[in-house]
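What follows is one structure encoded as structure tokens, with my remarks underneath.
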Amino acid sequence: MTKPENPLLSWTETAKYWIQYSATIRAMFAPLTNALIEHAGINEGQTVLDVAGGPGEPGLTIAEKVGPNGSVTCTDAVAEMVEAARNDATRRGLTNVQFHQCTADSLPFPDNYFDTTVCRLGIMLVPDPLAAVREMLRVTKPGGRLALAVWHKSEINPFCYVVTNVMAQHVNAPAADPDAPNAFRFAESGKLANVLTEAGAREVEERVVKFNIQAPISAHEFWIMRSRTSDTLREKLAKLSTEEQTQIADEVQQEVKEFFPHNQMNFPTQMILATATKST
């Protein structure tokens, strides 16, 4: 029997690019981080768990919010991501943060430990989201809050669909399994809320968060970043000739021009933010 591929292997390769572009990614999703903080009700003095936080966000920004009387625990399944988060915390002078390498469905923390648990753009990529949400609820205090952010539909997010549409002209790809780990697994309204409800959360709400993905990078820099930080995109490009790769790069940069006024990235964006409370 063939051993199933370990999805963490691709993320280990991807991690170096997320670390390379971590400052840009932090700026890009800062409005989403702020929405998480607001709708999770995170305040000074709280203990917060950040699940699948990659190279440190939103956990490190939350650490600034909760202050020295609070604490944040940053987790990720990939060791390189956790180490990058630790290094960034040191660089930013944050001393109220702890770090653990672990998967979302096996959190090494006691029951009823955190005031709030958050996951920004991670829950759609875990193998078993229901198991992961149950674990998040387990380690959250009764009456504590969960806040999970995911991508809304690709076709309303030009940051995503422009590249997808160009690639579709060059590479034949099978239709994605809507329930398999991928960026748009919970893009349908209500789908993530249903997982939270099934896991036993109460006061489950979903809202659409609209903001602009902004960063001081050019269309060319955008393409380089996108082609490196996406493992599926890297895999597709690797199978093409140098000429085809150059053609795709040129086409993407042409198609995204309207989203780079003054040669700086500015994509209108929509995300889904699901919040819930743990039963008392």
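State whether one or more residues within region 43-58 are out of contact with any Pro (no Cβ under 7 Å at 6 or more places or on another chain) and open to solvent by 50 Å² or more (accessible area, probe 1.4 Å). Before the answer, list the steps.
Pass one, region 43-58, residues out of contact with any Pro (no Cβ under 7 Å at 6 or more places or on another chain): 43-49, 51-58.
Then keep just the ones that are open to solvent by 50 Å² or more (accessible area, probe 1.4 Å); that gives 43-44.
Checked against the condition, which is being out of contact with any Pro (no Cβ under 7 Å at 6 or more places or on another chain) and open to solvent by 50 Å² or more (accessible area, probe 1.4 Å), region 43-58 yields at least one hit.
Listed residues L107, L60, L32, L94; which is outside any loop (DSSP other than H, G, I, E, B), at pLDDT 95 or above, of a type outside the set (V, I, T) and over 30 Å from E235 (Cα atoms)?
On the way: L107 fails: outside any loop (DSSP other than H, G, I, E, B); L32 fails: over 30 Å from E235 (Cα atoms); L94 fails: outside any loop (DSSP other than H, G, I, E, B).
Going through L107, L60, L32, L94 in turn, just one is outside any loop (DSSP other than H, G, I, E, B), at pLDDT 95 or above, of a type outside the set (V, I, T) and over 30 Å from E235 (Cα atoms): L60.
Inside region 142-158, can you point out the residues that are surrounded by fewer than 21 Cβ atoms within 10 Å (Cβ to Cβ) and of a type in the set (A, V, I, L, M, F, W, C)?
The one that is surrounded by fewer than 21 Cβ atoms within 10 Å (Cβ to Cβ) and of a type in the set (A, V, I, L, M, F, W, C): I156.
Whether any residue in region 127-134 is in a loop (DSSP other than H, G, I, E, B), free of Cβ contacts under 8 Å to residues at least 60 places away in the same chain and out of contact with any strand residue (DSSP E or B) (no Cβ under 8 Å at 6 or more places or on another chain) is what I want to check.
In the first step, residues of region 127-134 are kept if they are in a loop (DSSP other than H, G, I, E, B); the result is 127-128.
Retained after the next criterion (residues that are free of Cβ contacts under 8 Å to residues at least 60 places away in the same chain): 128.
This time we only want the ones that are out of contact with any strand residue (DSSP E or B) (no Cβ under 8 Å at 6 or more places or on another chain), so: 128.
Within region 127-134 (the criterion being in a loop (DSSP other than H, G, I, E, B), free of Cβ contacts under 8 Å to residues at least 60 places away in the same chain and out of contact with any strand residue (DSSP E or B) (no Cβ under 8 Å at 6 or more places or on another chain)), the answer is yes, since at least one residue qualifies.
Go through region 169-210 and count every residue that is within 18 Å of A104 (Cα to Cα) and among the charged types (D, E, K, R).
3
List the residue pairs whose Cβ atoms are under 6 Å apart, where the first residue sits in region 159-177 and is over 18 Å from H220 (Cβ atoms) and open to solvent by 30 Å² or more (accessible area, probe 1.4 Å), the second is at pLDDT below 95 and part of a loop (DSSP other than H, G, I, E, B), and the two are 6 or more positions apart or on different chains.
Pairs that qualify, where the first residue is over 18 Å from H220 (Cβ atoms) and open to solvent by 30 Å² or more (accessible area, probe 1.4 Å) and the partner is at pLDDT below 95 and part of a loop (DSSP other than H, G, I, E, B), are A176/N182.
Condition check ((1) within 30 Å of N112 (Cβ to Cβ); (2) among the acidic types (D, E); (3) open to solvent by 10 Å² or more (accessible area, probe 1.4 Å)) across all residues:
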position	(1), (2), (3)
L196	yes, no, no
A199	yes, no, yes
E205	yes, yes, yes
I224	no, no, yes
T229	no, no, yes
D250	no, yes, yes
A276	yes, no, no
T280	yes, no, yes
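With the condition kept exactly as written, say whether any residue in region 82-89 is open to solvent by less than 10 Å² (accessible area, probe 1.4 Å), in contact with a Cys (Cβ under 6 Å, 6 or more places away or on another chain) and either outside any helix (DSSP H, G or I) or at pLDDT 95 or above (or both).
Yes, the conditions are met somewhere in region 82-89.
If we keep just the residues of region 169-224 that are more than 17 Å from the chain's Cα centre (by Cα) and among the polar types (S, T, N, Q), which is nearest to A276 (Cα to Cα)?
T197
The values are calculated or read from the model by the stated rules, or taken from the named source; none is laboratory data. Remember, predicted model here, so these are calculated numbers, not experimental data. When we count neighbours, we look across all protein chains shown, and the Cβ atoms used for this are built from the backbone with ideal geometry, even at glycine. Each accessible area value is taken on the protein alone, full model and side chains, heavy atoms only, with ligands, DNA and RNA left out. Shrake-Rupley method; radii C 1.70, N 1.55, O 1.52, S 1.80 Å.
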